[in-house]
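A short worksheet on the structure shown next.
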Amino acid sequence: MSSTRQVTRVTVLSLVVAAWISHIGSWMPAFVGIRTKPSTSKASLNALVGDDGTTFVRYDGYDDAEALLGDEKSGEKTARRKKAKLEPLDDTWWEGLIKSYNAEKGFGFIACDELFQKYKADVFLHQRQVRKHLGSRAFGGDQVRFLVGMNEAGKPQAVNVERRVGSHWIDFSKVYVGTVKEYWPDKGFGFIACPETQMVFQSDIFLHKNEVEKNSLVKGNRVTFSVQVNNKNRPQARYVERLTPITSEAEVAPA
């Protein structure tokens, strides 16, 4: 019996010593100044670099960024799924007047007698439509035309909204081509000349210094741009990009 107890004690002691050695081994490299290579999972690498070698970074200008980020107010850390794009019921264009729009709440309504008779409701106007198609501005009384889709609440919602400017219907997400006509660095602004926008707005397009500095623009540069309506209710260029001319080899080859 005593020999059995002795064997048991030796076994227990061996297990304790082994556990102690294992514990010492886990912090010993740090204690003696040895650097261990941090483990990096393949999943974490794929969050930065795609399988084809493409590096992915956050795009700050994405209009629907709030749909991709967690809800900070509720403390959610997981990304919310982006809702499916609302599709129009058909290709029928409807006309109406913006009845109201609350920029802080991010929505408003369009009054259209024909659709009200059909659905017993005004047409819902979402802020994404205002940002993308109306130059980020919507005021009561603005004349607009639009396609109609049905939202999750079963109510009519405006899609591909266009504002009436003079005798033209304008989608402010459209891209135009023009030329930097003037720019005054000391004043911080200039103008873009564009025959197409001149017909609509009867004026050149205001060019802010932020767009100039971002694209290193100078007078005479050809550019592409979209239009928004500024605080003075005048057309202003946004999403400006400078065009670089390409000279063919035939043009530079000696005769």
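If only residues of the stretch 154-169 that are in a strand (DSSP E or B) and more than 24 Å from the chain's Cα centre (by Cα) are counted, the one that is modelled with the highest pLDDT is P156. Of the residues that make up the stretch 220-229, is at least one surrounded by 14 or more Cβ atoms within 10 Å (Cβ to Cβ), touching a Ser or Thr at 6+ places or on another chain (Cβ under 9 Å), of a type in the set (S, T, Y) and assigned to a helix (DSSP H, G or I)? Looking through the stretch 220-229, none of the residues is surrounded by 14 or more Cβ atoms within 10 Å (Cβ to Cβ), touching a Ser or Thr at 6+ places or on another chain (Cβ under 9 Å), of a type in the set (S, T, Y) and assigned to a helix (DSSP H, G or I). Just one of the numbered conditions (1) among the polar types (S, T, N, Q); (2) surrounded by fewer than 18 Cβ atoms within 10 Å (Cβ to Cβ); (3) under 26 Å from the mean Cα position of the chain (by Cα); (4) under 20 Å from S226 (Cβ atoms) is not true of N151: (4).
Test V175 against the stated conditions and say whether it is buried (at least 17 other Cβ atoms within 10 Å of the Cβ), closer than 16 Å to Q236 by Cα and touching a residue at least 40 places away in the same chain (Cβ under 8 Å). Here the answer is no, as V175 does not meet what is asked.
Out of E114, E152, E104, which single residue is among the charged types (D, E, K, R) and in contact (Cβ under 8 Å) with a residue 12 or more places away in the chain? If you could, list the steps in order and put the result at the bottom.
On the way: E152 fails: in contact (Cβ under 8 Å) with a residue 12 or more places away in the chain; E104 fails: in contact (Cβ under 8 Å) with a residue 12 or more places away in the chain.
None of the others qualify; the one that does is E114.
Residues of the stretch 181-214 that are under 27 Å from G166 (Cα atoms) and in a strand (DSSP E or B): K181, E182, F189, G190, F191, I192, A193, I205, F206, L207, H208.
The values are calculated or read from the model by the stated rules, or taken from the named source; none is laboratory data. This is a predicted model, so every value here is computed, not measured. Please note: Cβ atoms are built from the backbone with ideal geometry, for glycine as well, and neighbour counts cover all protein chains shown.
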